[in-house]
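One structure is given here, and the rest of the page talks about it.
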Amino acid sequence: MSVTGIRPLDRQVNVAMEWIHDTDDEFGWQDPLKTYHALVATLHALRDRLSVDEAADFAAQLPGLLRGVFYEGFRPSQMPVKGRDVDDFLDGIRAGFAPGQSINPELIATRVFAVLSRRVSGGEIRQVRGMLPHSFQYLWPVEVPVDHFGSDEPPHARI
């Protein structure tokens, strides 16, 4: 089904929706809008803890529309942020939701990281994890899956 009438743009919408649905399935929420907010909040909190170069490398593996969302509010001159402990990171996720909304930022981070570990190349995930303080490791899946065919390309690049 065409959303825009522009085939390449429709493809970007479809790929972004695949990521959102995959993430929604991970949560079991059946609420794509809440899932979108969780995904965006986690991506922003993660982005703000990466170097500018690593943020760009990571973003290159996101679908185009999510890459644009990833860069919303990006201030390269302030990267990475000073508050690099896990509590500051979880507060960053909390900030992506309406005040008073009941959320579990640890659950959100672990579920989004599980999806990222499936959809972004293993090599890139290892680089991102390596930039984060040790206190973040419990939020990631225990092992980063081995890439198909030994490739460090993101899965969507191998289509």
Cα-based Rg and Dmax for the chain, where Dmax is the largest Cα-Cα distance (Å): 15.3, 46
For peptides 105-117, 6-18, 35-47, sequence by mean Cβ density within 10 Å, most packed first: 35-47, 105-117, 6-18
Radius 12 Å from Cβ of residue 97, net charge of other residues (Lys, Arg +1; Asp, Glu -1): +1
Where a label projected 7 Å from the Cα of residue 30 along Cα→Cβ would reach, residues of segment 88-118 with amide N under 16 Å: none
Mean residue ellipticity (222 nm) of the chain, computed from DSSP H runs ≥ 4 via -39,500 (n - 2.57), nearest 500: -17000 deg cm²/dmol
Mean Kyte hydropathy of -1.0 or more with a Cα span along the axis of at least 20 Å, helices from DSSP in the chain: 7-27, 32-47, 105-119
Segment residue 72-residue 131, length gained on full extension (0.36 nm per residue, minus Cα span): 19.1 nm
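Computed from the coordinates by the stated procedures, all read-outs in this text should not be read as laboratory data. Only a predicted model underlies this, so the values are computations on that prediction, with no experimental measurement involved. Methodologically, a virtual Cβ is constructed for each residue, glycine included, from the backbone with ideal geometry; neighbour enumeration extends over all protein chains shown.
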